[in-house]
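Read the structure below first, then the notes.
The values are calculated or read from the model by the stated rules, or taken from the named source; none is laboratory data. All values reported here derive from a predicted model rather than from experimental measurement. Cβ: placed from backbone, ideal geometry, glycine included. Neighbour counts: every protein chain shown. The area values use the complete protein model at the heavy-atom level, side chains included, leaving out ligands, DNA and RNA. Shrake-Rupley method; radii C 1.70, N 1.55, O 1.52, S 1.80 Å.
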Amino acid sequence: MHVLGIETSCDETSIAILDYRVSRQPNLKALTVSSQTKLHARWGGVVPELAARRHTEAIIPLLQKTLVEAHLLPQDIDLIAVTTGPGLITALQVGVETAKALSLAWHIPIQSVNHISGHLVSPFLTKGAWRIANKVKYWPAVALVASGGHTELYLMKNITHAQLLGKTLDDAAGEAFDKVAKMLHLPYPGGPQVSRLAQKGNPLTFNFPRPLLKHKNLDFSFAGLKTAVLYTLQKTPRTHYESNSKMLSIRSVTKNSICASFQAATIEVLVSKTLRAVNQTGARLILVSGGVSANLELRQQFKNIVRKHKHLTLMLPELKYTGDNAAMIALAAAVKPKLQSWNSTQANANWELWT
Ligand code: KG4
Ligand code: ZN
């Protein structure tokens, strides 16, 4: 079955074609991604109206490119899988309306996909991962999704079934990275910038809070941590003027240590809460996904844990599948087919996976 995936929920336009058979590793025939990060960088965050316009410009050329790269024609496509939520409504609508038009014109069924269920299955796009998806002995799994808009823990009985265990009560982990980056005048998106500077800093310099770490529940909170970074910054002595900025700058060694200390606090909370979920549920598999799963330190810490606990298996998405992409959307639809007609498909910006 050839599944055409379409993703436009935030600032990445992406189209994929996935060849899916239950018994075999899904075969990604083509994946195209057009990132808007440069467009939004000057505003320090995603501007929904600009995002929608750029999706509109990008989506048809990407569709054509994806078909060419996959060496396929419209009549070879069996299903159109489109992200219908959660996300920015104006951005989602571009993908959804495109998918509906294609469904009508090509006479192909359509399926709504929740963006988070895409992230949840993203580790299984990697070669060799399918043997884990299909073997009962690896399940249940605890899945951590950490992105710019979401930080959640799920219990997964199998690849198609996710039950919410806990979620952030305020900011998402990626959002905290982005906000700390903004405080330090680092470009958007902040996650990769903060983690780059963190590599050069000392994580023990600042003892930032680990919110809700001691609480037995599996919820997260990052707003207080972000504020603690702000207060530290306000107290940090300024040494010189930064070039082409009127701001008095802090020493780069301090900047690096703020990044390292903030990252250490965030990762400690994410890893500890995931492990707590594993202990509470008896899960044998840990899945980590979402944009923040690109963080090398986070990946390393999870790898260290499974090295110590031999009964646990860890699955991380390849770096190219950590951010938003249509391959994961196509896979999420393929593993749980639920065909619709184009006229019953619509964007839902607030679609929560657990409702
Ligand atoms: O999944 P994603 O691409 O989009 C959403 O669904 O939100 O996640 C984007 C988020 C951004 O907040 C970005 O700063 C963060 O993932 N991110 C990172 C890293 N790379 C991306 N956060 C920490 N470390 C990274 N290396
Ligand atoms: Zn995402």
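Residue under question is LEU73, and the condition is that it be over 25 Å from LEU353 (Cα atoms) and open to solvent by less than 50 Å² (accessible area, probe 1.4 Å); does it hold?
Working: over 25 Å from LEU353 (Cα atoms): yes; open to solvent by less than 50 Å² (accessible area, probe 1.4 Å): no.
No; evaluated as a whole, the condition is false for this residue.
Looking only at the range 208-225, which residues are part of a loop (DSSP other than H, G, I, E, B), of a type outside the set (Gly, Ala, Ser) and under 20 Å from GLY174 (Cα atoms)? Lay out the reasoning, then the answer.
As a first pass, look at the range 208-225 and keep what is part of a loop (DSSP other than H, G, I, E, B): 208-219, 221-222.
Then keep just the ones that are of a type outside the set (Gly, Ala, Ser); that gives 208-219, 222.
Passing the criteria: PHE208, PRO209, ARG210, PRO211, LEU212, LEU213, LEU218, ASP219, PHE222.
Pairs under 9 Å by beta carbon, first residue more than 18 Å from GLU318 (Cβ to Cβ) in the range 10-31, partner among the β-branched types (Val, Ile, Thr) and at pLDDT below 95, six or more apart or different chains?
CYS10/VAL46; ASP11/THR37; ASP11/VAL46
Kindly check whether there is at least one residue in the range 240-257 that is farther than 27 Å from PRO211 by Cβ, modelled with pLDDT of 95 or more and of a type in the set (Phe, Trp, Tyr).
no
So, in the range 131-148, of the ones that are within 16 Å of ligand 1 (Cβ to nearest atom) and assigned to a strand (DSSP E or B), which residue ends up farthest from GLN25 (Cα to Cα)?
Filtering first and then ranking leaves ALA146.
Step by step: first the residues of the range 297-325, then only those that are more than 16 Å from ligand 1 (Cβ to nearest atom) and of a type in the set (S, T, N, Q), then the one that is surrounded by the most Cβ atoms within 10 Å (Cβ to Cβ). Which residue is that?
THR313
Filter the range 149-158 down to the residues that are under 14 Å from the mean Cα position of the chain (by Cα), at pLDDT 95 or above and either assigned to a loop (DSSP other than H, G, I, E, B) or of a type in the set (Ser, Thr, Tyr) (or both) and list them by number.
HIS150, THR151
Could you list, in sequence order, all residues of the range 305-345 that are outside any loop (DSSP other than H, G, I, E, B), β-branched (Val, Ile, Thr) and in contact with a strand residue (DSSP E or B) (Cβ under 8 Å, 6 or more places away or on another chain)? Break it down stepwise before answering.
Residues of the range 305-345 outside any loop (DSSP other than H, G, I, E, B): 305-308, 313-315, 319-321, 326-335, 340, 342-344.
Imposing the further condition that a residue be β-branched (Val, Ile, Thr) reduces the set to 305-306, 313, 329, 335.
Within the range 305-345, ILE305, VAL306, THR313, ILE329 qualify.
Could you grab the pairs with beta carbons closer than 9 Å, sequence gap of 6+ or different chains, first residue in the range 126-149 and more than 21 Å from VAL271 (Cβ to Cβ) and within 16 Å of ligand 2 (Cβ to nearest atom), second one open to solvent by 10 Å² or more (accessible area, probe 1.4 Å) and in a loop (DSSP other than H, G, I, E, B)?
Note: no pairs meet the criteria.
So which pairs qualify, if the first residue must be in the range 187-209 and within 15 Å of ligand 1 (Cβ to nearest atom), the second must be β-branched (Val, Ile, Thr), the Cβ gap must be under 8 Å, and the two must be at least 6 apart or on different chains?
TYR188/THR37; PRO189/THR37; GLY190/VAL180; GLY191/VAL292; VAL194/VAL180; GLY201/VAL253; GLY201/ILE258
Could you please let me know if ASN343 is more than 14 Å from the chain's Cα centre (by Cα), away from ligand 1 (no atom under 16 Å from the Cβ) and open to solvent by 30 Å² or more (accessible area, probe 1.4 Å)?
Numbers: more than 14 Å from the chain's Cα centre (by Cα): yes; away from ligand 1 (no atom under 16 Å from the Cβ): yes; open to solvent by 30 Å² or more (accessible area, probe 1.4 Å): yes.
Taking the combined requirement at face value, the residue satisfies it.
Tally up the residues in the range 208-223 that are open to solvent by less than 60 Å² (accessible area, probe 1.4 Å) and more than 16 Å from ILE258 (Cβ to Cβ), please.
Number satisfying all stated conditions: 8.
Of these, GLY201, GLY166, GLY174, which one is within 30 Å of VAL278 (Cβ to Cβ) and part of a helix (DSSP H, G or I)?
Working: GLY201 fails: part of a helix (DSSP H, G or I); GLY166 fails: part of a helix (DSSP H, G or I).
After applying the criteria, what remains is GLY174.
If you take the residues in the range 159-200 that are at pLDDT below 95, touching a Ser or Thr at 6+ places or on another chain (Cβ under 8 Å) and open to solvent by less than 50 Å² (accessible area, probe 1.4 Å), which one is nearest to ligand 2 (Cβ to nearest atom)?
PRO189
In this structure, does SER112 turn out to be among the hydroxyl-bearing types (Ser, Thr, Tyr) and either free of Cβ contacts under 8 Å to residues at least 24 places away in the same chain or within 13 Å of ligand 1 (Cβ to nearest atom) (or both)?
no
Kindly check whether there is at least one residue in the range 116-129 that is more than 20 Å from the chain's Cα centre (by Cα) and at pLDDT 95 or above.
Checking the range 116-129: not a single residue is more than 20 Å from the chain's Cα centre (by Cα) and at pLDDT 95 or above.
In this structure, does GLY95 turn out to be small (Gly, Ala, Ser) and more than 19 Å from ALA30 (Cβ to Cβ)?
Working: small (Gly, Ala, Ser): yes; more than 19 Å from ALA30 (Cβ to Cβ): no.
It is false that GLY95 is small (Gly, Ala, Ser) and more than 19 Å from ALA30 (Cβ to Cβ).
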